[in-house]
Each structure stands twice: as structure tokens, then as C-alpha cells.
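Below: one structure, written as C-alpha cells.
The values are calculated or read from the model by the stated rules, or taken from the named source; none is laboratory data. Just so it is clear, the structure is predicted and the values come from calculations on it, not from any experiment. Note: ideal-geometry Cβ built from the backbone for every residue, glycine included; neighbour counts use all protein chains shown. Side chains are part of the model used for accessible areas, which takes the heavy atoms of the whole protein and leaves out ligands, DNA and RNA. Shrake-Rupley method; radii C 1.70, N 1.55, O 1.52, S 1.80 Å.
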Amino acid sequence: DGYSVRGSQRFRLRWDWQGAQADIARALQLDPNRPVTLIQNSYELSALGRYDEAIAQARKAASLDPLSDEAWTQLGRALTARHADAETRQAFERALVLNPQQNWANFLLGNLLLSQGKYDEAMARYEHAPDQFRTTGTAMVEFSRGREEAANEALHKLETDYAIGFAYQVAQVYAWRGQKDQAFQWLDRCLQIHDAGLARLQYDPAMDPLRSDPRFAALVAKMGFPK
């Protein structure tokens, strides 16, 4: 437990990738079949771009604990990096059968549906997520629908009420809108406050519009991801 928890904190709070990997490896050496550690390992491997390994770890966690909504959610998150949309949706839906109020599964499935142009289905998922995620989703859906006033209202609420804990979600909205300067301003803010969302930077589909910009590579370099 100690190695697992310390590895998680090194990863999420300090972006100490090597230290986190060492702790999680030690935890798995002591108990290779602990689902919680496998989930953490999958999340970090995804952040490091080791997607096939991340998927394998999440699959193992789900097979060992098929009633874990966290395991199925992480499997969906890892599959997102491979753009395996059908299987990604199945994983998130499995998580939601187990826990209909699973925060991340609702939000991430909403994002997947949004990317497919299924706006009503996406909003149905966002409605079951906490307010900060619901507001993020609303800002993106309404923008895609061409409802500028509603989109701006949701974005303003997100910036006003959730600027500290959910700066990464603000950046997601601006990236979705194609407003690169604003997106990078918020990503720089995320860097300063160590927003945990940045761990998804390299494989988050919401960031796809930014990847060709030189500022994106510079941001990745600042985070110190191992090459």
C-alpha cells in the first residue's frame, strides 16, 4: 500500500515519472495482482505514451476485479489513446452499469460522443457528471451546435467557478473551439499550479487541435516526460 500510494502521489502531484514508476514497480513486485496498483500503473503508462502496456494493465485489473468501475474507466481512458472508439465506449458503458454516477466515465464517454458529433448523447452523459464536468461539456456541445451565447455562458461559469481545480478543463474547451492562444494560456496556468489533468496531455483527443503548434512540444518538454 505504501509504495502504491507514494507512487501515485509522485505521479500526480510532482510529475516525478521515474520515481513513480519505481514505486509502482515495487508495489507490483510485492503484489502483482492488486487491481488498484494495476490501474495506477495503466494511468501512468498512458501518460508516458506506452499505450499498449497501459491497455494490458487495465485489462488485467478489470479481469481481476470485474466489478470495479474504476478499472473499466481506466481501460476506456487507455483505449482512447488508440482511437478504438467502439471498445472505448464499451468500457465506459461497463463502468456506468456498475456505477451510473461514475464521474470520469460519464465525462469521458461524453467527450467521445461529442467527437463523433452525437451531441444529444454527449449531453446526456454530461448531465450525470459533477457540475464542473457538466459545465465543460455544455460549453463544448453548445459551441458545436452553433449556440454562441450558451457556449460562452458555460465557458464563463467554468472560468469563474472552477479556475483553480479544473484549469485543464478550461483549456480543453478553448482547444475544442480552436482558440489556440487562450488554450495555451490556460495550459501554462495548469503548468504553474500542477493541474493533474496535464498527465493526459499527450493522448487527450481534446488536445489534437494544438499538437501541430510549436508551443505544444515546448509544453511537453517542460513537463519532463521521459523520452
When the stretch 159-227 is reduced to its Cα atoms, the Kirkwood hydrodynamic radius in Å: 11.9 Å
Kirkwood hydrodynamic radius over Cα pairs of the stretch 85-144, then Stokes diffusion coefficient at 37 °C and 0.692 mPa s, in µm²/s: 298 µm²/s
Listed values (1) 39; (2) 47; (3) 36, entry calculated as percent of Cα pairs over 25 Å apart: (1)
Centre separation in Å (Cα based) which lies between the stretch 128-165 and the stretch 1-56: 32 Å
Reachable aspartates and glutamates from K60, criterion Cα separation under 14 angstrom, eight or more residues apart if same chain: D31, D52, D69, E70
14 Å reach of a label modelled at D1, 7 Å along Cα-to-Cβ, counting backbone N of the stretch 66-103: none
Cα Rg, Dmax, the stretch 38-126, angstrom units: 12.1, 35
Cα gyration tensor shape of the stretch 59-184, rounded if a/c is under 1.5, else prolate or oblate by comparing a/b with b/c: prolate
Rounded accessible area of D16 (nearest 10 Å², 1.4 Å probe): 50 Å²
Average accessible area per residue (Å²) across the stretch 44-123 - probe 1.4 Å, nucleic acids and ligands excluded: 43 Å²
